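Trainee: Submitted below is the structure of interest, expressed as structure tokens.
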Amino acid sequence: MNHFPLFADLKGRTALVVGAGLVAERKIALLRAAGARVIVNARAAHPQVQARVQQGEIELRLGEFDPALLDEAWLAVAATNDREQNRRVADAAAARRLFCNVVDDPELSSVQVPAIVDRAPLTIAISSGGAAPVIARRLRERIESLFDPALGALAALAQRKRPVIRQARPQLRARRDFYDWLLDGPVLGALRRGRGDEAESLLDQALSARTPPPAGKVLLVGAGPGDPGLLTLRGLRALNEADVILADRLVSPAVLSLARRDAHVIDVGKAPGGPHESTQARIHALMVSHARQGRCVVRLKGGDPMVFGRGGEELQHLKRHGIAYEVVPGITAALACGAYAGIPLTHRDHAQSLTLATAHRRAQTGPLASPDATRGDGRTRVYYMGVERLPALRAQLLAEGHASGLPCALVENGSRPGQRTLHATLGSVVEEARRHAIRSPALLIVGETASLGMDLAWFGETLQTPPAGGADIQRQAAA
């Protein structure tokens with residue numbers, strides 16, 4: 001974040017506005033709406049500002065700016081059309097460690113005034129940090145249409161009833177469920193119709209109903225491949241329901257940042273080559289323990305939990321221990337890496353079937369099993385977790401008769417800002433992966449469709465193998 005978001009309580013506190021034109025008038029109106037005592041300093045005042053003075057809303061002090069005016073202020077606003085004057089105000093505020101907003105001048109400002117969606121006491125603020133205020137205003141227009149005008153009245157009712165709600169629902173989980181009911185149930189509808197008494201009665205009736213202690217549950221959630229935009233809406237809601245989040249190593253920080261701020265996040269990632277079975281046993285124990293304490297546990301897995309994510313084993317463990325569970329699918333790495341590398345996993349001309357496989361098994365005894373041993377069968381093969389075992393995987397595929405010229409693609413950090421896609425052949429992929437230091441997480445795509453990514457790539461960096469006898473591998477920035 002370039003700026004720390006902050007909501008200031010200015011009720012009864014002094015704010016100094018230097019300038020008294022129409023631009024200053026807009027800031028004065030906001031400060032007055034927040035309950036601030038406003039002092040305006042200017043050489044002359046616009047009639048609208050004069051009208052506020054006559055109505056006793058603000059104080060006007062005509063004349064040159066005097067830094068002493070800041071001595072009683074909590075906040076300063078410089079809104080003149082003279083940048084040097086604005087700079088003097090900003091410097092004087094900085095000397096007193098006061099925040100100062102200089103209108104339309106982020107370089108001089110120590111604080112920004114955001115675009116506001118007002119559903120008091122609910123307030124939504126949007127800021128570009130002064131970089132693009134027009135974009136912030138456009139977003140405000142969109143957000144205005146998303147939030148029911150009655151939400152302010154609902155927030156006010158909830159605020160007034162908060163002590164009663166806490167007494168009737170002492171457990172945090174039950175209290176959160178009640179607030180969810182407030183948003184989704186009939187109370188908001190009654191407020192929308194202007195029937196405040198009916199809304200309060202509905203709230204009181206719901207509070208008086210006896211509710212059993214909340215039962216714990218586990219939500220097995222697919223976090224997708226890394227891009228937070230690929231998280232499902234249900235996955236986002238689950239992150240905001242969670243009391244405890246058990247997160248895999250491959251879950252991106254950007255996805256975790258969407259979770260409730262007060263959720264307890266526990267890293268249960270398995271490092272390559274680490275003690276996977278003991279780590280998995282710990283995950284099983286944590287899920288059961290927290291759920292039995294009435295908590296909502298989100299088991300957050302990269303990709304999809306049911307595709308090479310040991311989701312089935314975890315559901316079996318929860319079933320054996322009588323723990324309620326739900327599964328929230330995610331976009332699995334094969335789909336995301338193929339799409340972000342411009343590689344269609346199926347194609348009418350090249351691939352009429354798709355096989356997903358893993359290079360890792362419970363016990364690595366004997367050769368890796370290939371999904372198919374034939375050539376030219378119109379099949380795309382995708383191998384998860386194949387980087388560490390790439391030499392053995394290639395040897396197995398070549399031994400089964402696949403041509404050394406069969407196109408391959410290794411997609412590293414698929415869908416993330418650091419995505420790299422290496423295009424090679426089955427015969428060269430091991431050496432090229434070593435040359436370019438391809439690291440996990442990476443996914444191997446084998447088949448004719450892999451070569452299409454050299455032309456269709458649109459995201460990240462593409463590492464392309466030149467024709468035989470050509471120069472070193474060319475680096476191409478995807479369009």
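Trainee: Search the range 187-214 for residues that are under 22 Å from Glu241 (Cβ atoms) and pair each with any residue that is assigned to a helix (DSSP H, G or I) and β-branched (Val, Ile, Thr) when their beta-carbon atoms are under 6 Å apart and the residues are at least 6 apart or on different chains.
Mentor: Leu203/Val187
Trainee: Scan Arg416, Arg435 and give me the residue that is among the charged types (D, E, K, R) and out of contact with any helix residue (DSSP H, G or I) (no Cβ under 9 Å at 6 or more places or on another chain).
Mentor: After applying the criteria, what remains is Arg435.
Trainee: Report yes if Gln280 is of a type in the set (S, T, N, Q) and open to solvent by less than 30 Å² (accessible area, probe 1.4 Å), otherwise no.
Mentor: For Gln280, the condition - of a type in the set (S, T, N, Q) and open to solvent by less than 30 Å² (accessible area, probe 1.4 Å) - is met.
Trainee: Out of contact with any strand residue (DSSP E or B) (no Cβ under 9 Å at 6 or more places or on another chain), open to solvent by less than 40 Å² (accessible area, probe 1.4 Å) and part of a loop (DSSP other than H, G, I, E, B), is that true of Gly35?
Mentor: So Gly35 passes the test.
Trainee: Which condition breaks for Ala285 when tested against (1) over 21 Å from Gly226 (Cβ atoms); (2) in contact with an Asp or Glu (Cβ under 9 Å, 6 or more places away or on another chain)?
Mentor: It is condition (2) that Ala285 fails.
Trainee: Within the range 350-363, which residues are assigned to a loop (DSSP other than H, G, I, E, B) and either at pLDDT 90 or above or more than 20 Å from Ala457 (Cβ to Cβ) (or both)?
Mentor: Passing the criteria: Gln352, Ala359, His360, Arg361, Arg362, Ala363.
Trainee: Looking at Ala468, Ala478, Ala399, Ala392, can you tell me which residue is over 14 Å from Ala339 (Cα atoms) and either modelled with pLDDT under 90 or touching a helix residue (DSSP H, G or I) at 6+ places or on another chain (Cβ under 9 Å) (or both)?
Mentor: Values: Ala478 fails: over 14 Å from Ala339 (Cα atoms); Ala399 fails: either modelled with pLDDT under 90 or touching a helix residue (DSSP H, G or I) at 6+ places or on another chain (Cβ under 9 Å) (or both); Ala392 fails: either modelled with pLDDT under 90 or touching a helix residue (DSSP H, G or I) at 6+ places or on another chain (Cβ under 9 Å) (or both).
The match here is Ala468.
Trainee: Oh, and also: If only one of Val18, Val53 is among the β-branched types (Val, Ile, Thr) and more than 26 Å from Ser128 (Cα to Cα), which one is it? Please lay out each step first, then the result.
Mentor: On the way: Val18 fails: more than 26 Å from Ser128 (Cα to Cα).
Of the residues listed, the single one that is among the β-branched types (Val, Ile, Thr) and more than 26 Å from Ser128 (Cα to Cα) is Val53.
Trainee: (1) open to solvent by 20 Å² or more (accessible area, probe 1.4 Å); (2) at pLDDT below 90; (3) out of contact with any Gly (no Cβ under 9 Å at 6 or more places or on another chain): which one isn't true of Arg379, the others all being true?
Mentor: Every condition holds for Arg379 apart from (3).
Trainee: Follow-up question, since we're still on this one. Hey, can you tell me all the residues within the range 391-434 that are of a type in the set (Val, Ile, Thr), assigned to a strand (DSSP E or B) and buried (at least 22 other Cβ atoms within 10 Å of the Cβ)?
Mentor: Correct list: Val411, Thr421.
Trainee: Kindly establish whether Arg26 is under 35 Å from the mean Cα position of the chain (by Cα), of a type in the set (Lys, Arg), surrounded by fewer than 17 Cβ atoms within 10 Å (Cβ to Cβ) and part of a loop (DSSP other than H, G, I, E, B).
Mentor: Working: under 35 Å from the mean Cα position of the chain (by Cα): yes; of a type in the set (Lys, Arg): yes; surrounded by fewer than 17 Cβ atoms within 10 Å (Cβ to Cβ): yes; part of a loop (DSSP other than H, G, I, E, B): no.
It is false that Arg26 is under 35 Å from the mean Cα position of the chain (by Cα), of a type in the set (Lys, Arg), surrounded by fewer than 17 Cβ atoms within 10 Å (Cβ to Cβ) and part of a loop (DSSP other than H, G, I, E, B).
Trainee: Return a yes/no flag: does the range 68-76 have any residue that is under 21 Å from Ala8 (Cβ atoms) and loosely packed, with under 13 Cβ neighbours inside 10 Å.
Mentor: yes
A quick yes/no check of all residues on (1) at pLDDT below 95; (2) closer than 27 Å to Arg249 by Cα:
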residue	(1), (2)
Val411	no, yes
Gly418	yes, yes
Thr421	no, yes
Thr425	no, no
Pro441	yes, yes
Ile445	no, yes
Glu448	yes, no
Leu456	no, no
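Trainee: Restricting to the range 38-64, what's the tally of residues that are β-branched (Val, Ile, Thr) and either modelled with pLDDT under 95 or assigned to a helix (DSSP H, G or I) (or both)?
Mentor: 2
Trainee: Here's a follow-up. When you scan the range 65-86, do you find a residue that is part of a strand (DSSP E or B), more than 16 Å from Ser109 (Cβ to Cβ) and not basic (Lys, Arg), even just one?
Mentor: There is no residue in the range 65-86 that is part of a strand (DSSP E or B), more than 16 Å from Ser109 (Cβ to Cβ) and not basic (Lys, Arg).
Trainee: While we're here: I'd like to know if the range 91-105 contains one or more residues that are closer than 25 Å to Ala242 by Cβ, in a helix (DSSP H, G or I) and without any contact (Cβ under 8 Å) to a residue 24 or more places away in the chain.
Mentor: No, the range 91-105 contains no residue that is closer than 25 Å to Ala242 by Cβ, in a helix (DSSP H, G or I) and without any contact (Cβ under 8 Å) to a residue 24 or more places away in the chain.
Trainee: Which one of Gly309, Gly273, Gly338 is modelled with pLDDT under 95 and crowded, with 20+ Cβ neighbours inside 10 Å?
Mentor: Values: Gly273 fails: crowded, with 20+ Cβ neighbours inside 10 Å; Gly338 fails: modelled with pLDDT under 95.
One residue alone meets the criteria, Gly309.
The values are calculated or read from the model by the stated rules, or taken from the named source; none is laboratory data. Here the structure is a predicted model, which means the values were calculated and not measured. Don't worry about glycine lacking a Cβ; one is built from the backbone with ideal geometry, like all the others, and counts go over all protein chains shown. Just the protein is used for accessible areas: all its heavy atoms, side chains included, with ligands, DNA and RNA removed. Shrake-Rupley method; radii C 1.70, N 1.55, O 1.52, S 1.80 Å.
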